[in-house]
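Here's the structure we're looking at; comments come further down.
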Amino acid sequence: MNRRYRKTIIAGNWKMNKTPAEAKTLIADIKTAVGKQKWCDVVLCVPFVDIANAVKAAKDSRIAIGAENMHFEKSGAFTGEISADMLKELGVKYVIIGHSERRQYFAETDNTVNLKIKAALEAGLRPIVCVGETLEQREAGITEEHIAMQIKLALAGITAEQLRKIVIAYEPIWAIGTGKTATSEQAQEVCAHIRTVIRNLYGARLARAITVQYGGSMNAKNAAELLAQPDVDGGLIGGASLKAGDFALIVEAANQ
Ligand code: PEP
């Protein structure tokens, strides 16, 4: 973390977990458990059907509600899809874009990621853009190349002003939901690389200001060490965001 230049953001990704009633209870518990965090922003990205309850439950707290996905078109014949304006009207502030599970199971591409980022920004939502390598890519020594390409394609046509609203999450695919966390050195190395890619595209000031999160089996035990790395500005947290106590400990680690 480097609080002098950028915001630390701890974001939960509930994935396909929790009904609307369960969301209400979990957010009430998280609200009590996280208390008045001073140094970091807290975001909970929840399933579409939970959003209305989540926004209500998070009222009068510093917890912002996010969505886990959205469509890039404003409206139209896209059965089963949700637009950025629909999310905005419900009180959503953030949206995860290009999570590896979306890329893997729902055929999202770098191009749809780019279109979604633009649509989210246009609606006034802050995109949390996920990038990350597979184990094969890491073992082949092409992690940095792959991530640079994902970022360049995701940000094609995004202005410097728009970049200020974007959060990037480095999520090595081999670490998501596997219990296998990247070492703090690996997380730092790739988050620093992401900042270098941003510097080459947008210059040093914006690179210094952008929040780069780490995601991949972050938990109450390993959070402090990961967050102590200078280029790791927060976390995108799956499993551990479903337990109020564990999530609160991660938030606490970000406040040290
Ligand atoms: C995620 O879903 O983005 C994630 C990092 O999951 P987990 O923390 O469970 O690995």
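Annotations
- Boolean, GLY179 is without any contact (Cβ under 8 Å) to a residue 60 or more places away in the chain, near the ligand (Cβ under 9 Å from one of its atoms) and closer than 23 Å to GLN104 by Cα: yes
- Considering residues of region 210-231 that are within 15 Å of the chain's Cα centre (by Cα) and of a type in the set (A, V, I, L, M) only, the residue farthest from the ligand (Cβ to nearest atom): ILE210
- Any chance GLU171 is more than 17 Å from ARG208 (Cβ to Cβ), in contact with a Cys (Cβ under 9 Å, 6 or more places away or on another chain), buried (at least 18 other Cβ atoms within 10 Å of the Cβ) and not aromatic (Phe, Trp, Tyr): yes
- Residue match in region 232-243 (condition: over 16 Å from the mean Cα position of the chain (by Cα) and within 15 Å of the ligand (Cβ to nearest atom)): yes
- Tally of residues being among the hydrophobic types (A, V, I, L, M, F, W, C) and either at positive phi or crowded, with 16+ Cβ neighbours inside 10 Å (or both) across region 125-159: 11
- Checking region 20-43 against the condition returns a match, with at least one residue being under 19 Å from LEU226 (Cβ atoms), of a type in the set (A, V, I, L, M, F, W, C), surrounded by 16 or more Cβ atoms within 10 Å (Cβ to Cβ) and modelled with pLDDT of 95 or more.
- Breaking point among (1) outside any helix (DSSP H, G or I); (2) closer than 22 Å to LEU206 by Cα, for MET149: (1)
- Qualifying residue in region 184-203 (condition: at pLDDT 95 or above, within 24 Å of ALA120 (Cβ to Cβ), within 15 Å of the ligand (Cβ to nearest atom) and among the hydroxyl-bearing types (Ser, Thr, Tyr)): no
The values are calculated or read from the model by the stated rules, or taken from the named source; none is laboratory data. All values reported here derive from a predicted model rather than from experimental measurement. No Cβ is skipped: glycine too gets one built from the backbone with ideal geometry, and neighbour counts run over all protein chains shown.
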